[in-house]
Amino acid sequence: MDNQTNWTPSSDDNLLGLTDKNTINEKEAKGIALAELYIFQLDTDIAISTNLILEIHRIAFSELYEWAGKWRTCDVTVGKLEPPKPAQILQLMYQFVDNLNYKINTANDAKTKLDTLVYAHYEFIRINPFNNGNGRTGRMLMNLLALKFGFSPLQLYQREGEARKVYIDAMQSADAGNFSKLIDLTAKELKTF
């Protein structure tokens, strides 16, 4: 992860040919809001599946991008992290979903629920299955799990300012194998309905 991650693709990458970054960000925010609404309307007993994850991503980004709701087909670098090759994504996502559903089904106390939330977010970001929008989709997935566990949605950070730096530092520590900062950051956000 890098403090200078670019959350808006170039203007030639969008289906509407938009060139103004603010307009692109507004369209993306609208898509994210629609995906969040979709998540809030789901039955909390729904099993997590690759199809569900693809649908969340498709809803969030399909107004602007051809790659919405499709697994990544190109190599990417996220700061110092090199996510798996595109040919590995499908297998890794099936494995991730299997592990995640096991963790969800066996999470029976606050600590295991917290560990499951952190696992879901971090492992999803590590796989980085989409061309773009992985962080936002990962946070929406984490919020779906928070709802399943009876918690309010988590924010983790804002795009700008100190909170973003704290989040990126926590993710970089997790990249190095130390999850304590990410666990602490997530725990501070947990609030029951």
Check whether at least one residue in region 132-147 is hydrophobic (A, V, I, L, M, F, W, C) and surrounded by fewer than 18 Cβ atoms within 10 Å (Cβ to Cβ), and report yes or no. yes
How many residues does region 72-91 contain that are surrounded by fewer than 18 Cβ atoms within 10 Å (Cβ to Cβ) and either among the hydrophobic types (A, V, I, L, M, F, W, C) or touching a Ser or Thr at 6+ places or on another chain (Cβ under 6 Å) (or both)? 7
Find the residue count for region 38-60, including only residues that are closer than 27 Å to residue 106 by Cα and in a helix (DSSP H, G or I). 12
Does region 117-128 contain any residue that is without any contact (Cβ under 8 Å) to a residue 12 or more places away in the chain, among the acidic types (Asp, Glu) and over 23 Å from residue 29 (Cα atoms)? no
Among the residues listed as 3, 14, the single one being within 25 Å of residue 171 (Cα to Cα) and modelled with pLDDT under 95: 3
Is there any pair with a first residue in region 170-193 that is closer than 14 Å to residue 110 by Cα and touching a residue at least 24 places away in the same chain (Cβ under 8 Å) and a second that is part of a helix (DSSP H, G or I) and among the charged types (D, E, K, R) whose Cβ atoms are under 9 Å apart and which are 6 or more apart or on different chains, and what are they? 183/115; 190/113
Subset of region 64-110 that is small (Gly, Ala, Ser) and either at pLDDT 95 or above or assigned to a helix (DSSP H, G or I) (or both) - its residue that is farthest from residue 130 (Cα to Cα): 110
Going residue by residue through region 178-193, is there one that turns out to be at pLDDT below 95, within 19 Å of residue 33 (Cα to Cα) and not in a helix (DSSP H, G or I)? no
Taking only region 79-106 into account, find how many residues are hydroxyl-bearing (Ser, Thr, Tyr) and in contact with a helix residue (DSSP H, G or I) (Cβ under 9 Å, 6 or more places away or on another chain). 2
Of 73, 50, 44, which residue is hydroxyl-bearing (Ser, Thr, Tyr) and under 16 Å from the mean Cα position of the chain (by Cα)? 50
Report, by residue number, each residue of region 129-161 that is touching a residue at least 60 places away in the same chain (Cβ under 8 Å) and at positive phi. 133
Taking residue 129 as meeting all but one of (1) farther than 23 Å from residue 43 by Cα; (2) at pLDDT below 95; (3) buried (at least 21 other Cβ atoms within 10 Å of the Cβ), write down the number of the exception. (2)
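For region 150-173, give me each residue that is of a type in the set (A, V, I, L, M, F, W, C), under 30 Å from residue 91 (Cβ atoms) and surrounded by fewer than 19 Cβ atoms within 10 Å (Cβ to Cβ).
Keep residues of region 150-173 that are of a type in the set (A, V, I, L, M, F, W, C), which gives 151, 154, 156, 163, 166, 168, 170-171.
Keeping just the survivors that are under 30 Å from residue 91 (Cβ atoms) gives 154, 156, 168, 170-171.
Listed by number, the list holds a single entry, 168.
The values are calculated or read from the model by the stated rules, or taken from the named source; none is laboratory data. Small disclaimer: the values here were computed from a predicted structure and weren't measured. Neighbour counts are summed over all protein chains in view; Cβ atoms, including those assigned to glycine, are modelled from backbone coordinates with ideal geometry.
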